[in-house]
Amino acid sequence: MFRVDPTNQSAREFEQTIYAAAREHQRKQEEARRLQEEQRARVEELQRKLEDQARLRKRNAAAWRSASEDRGCLQKAREFVRDSAFDKALNEIETVYGFDPGHAEPRNSNGQSWKPSARKAS
């Protein structure tokens, strides 16, 4: 219609309405893309946090098990010392160091270090 009558005011207004609607549609699509990107970034961040928490829980569980094993071995070592079974006590102390070579030194009831040492050949 606009080509037939270039002076047709209603055709010009209709054309402007169409262009405005197209711009509004494009703006909404861009806004939707932006929101999706923000949500994707949030989801990724939450996934990273969950993975970090899972790793921390796993590490803590392993540390707790190791500490529990250490306590058990140290208790056995104390019992062996009390029974004068020093070789067996030393085996238990060395087991603690086997779990964690950097373990704080186990100590006897007098506060002396129970460091594993080279055994004398019998």
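Yes/no per residue for (1) surrounded by 10 or more Cβ atoms within 10 Å (Cβ to Cβ); (2) at pLDDT below 85:
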{"site": "ARG33", "(1), (2)": "yes, no"}
{"site": "GLU44", "(1), (2)": "yes, no"}
{"site": "LYS49", "(1), (2)": "yes, no"}
{"site": "LEU74", "(1), (2)": "yes, yes"}
{"site": "GLU79", "(1), (2)": "yes, no"}
{"site": "SER109", "(1), (2)": "no, yes"}
{"site": "TRP114", "(1), (2)": "yes, yes"}
Practice item. Would you check if there is a residue in the stretch 8-26 being modelled with pLDDT under 85 and assigned to a loop (DSSP other than H, G, I, E, B)? Key: yes
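Within the stretch 82-94, is there a residue that is assigned to a helix (DSSP H, G or I), at pLDDT 75 or above, small (Gly, Ala, Ser) and surrounded by 11 or more Cβ atoms within 10 Å (Cβ to Cβ)?
To start, the set of residues in the stretch 82-94 that are assigned to a helix (DSSP H, G or I) comprises 82, 86-94.
Okay, now just the ones that are also at pLDDT 75 or above, so 82, 86-94.
Pick out the ones that are also small (Gly, Ala, Ser) and you get 89.
Now restrict to residues that are surrounded by 11 or more Cβ atoms within 10 Å (Cβ to Cβ): 89.
There is at least one residue in the stretch 82-94 that is assigned to a helix (DSSP H, G or I), at pLDDT 75 or above, small (Gly, Ala, Ser) and surrounded by 11 or more Cβ atoms within 10 Å (Cβ to Cβ).
Answer yes or no: is there a residue in the stretch 28-50 that is outside any helix (DSSP H, G or I), farther than 30 Å from THR95 by Cβ and not aromatic (Phe, Trp, Tyr). Write out each step before concluding.
Keep residues of the stretch 28-50 that are outside any helix (DSSP H, G or I), which gives none.
Among the residues of the stretch 28-50, not one is outside any helix (DSSP H, G or I), farther than 30 Å from THR95 by Cβ and not aromatic (Phe, Trp, Tyr), which makes the answer no.
The values are calculated or read from the model by the stated rules, or taken from the named source; none is laboratory data. Computed from a predicted structure; not experimentally measured. Positions of Cβ are backbone-derived with ideal geometry, glycine not excepted, and every protein chain shown enters the neighbour counts.
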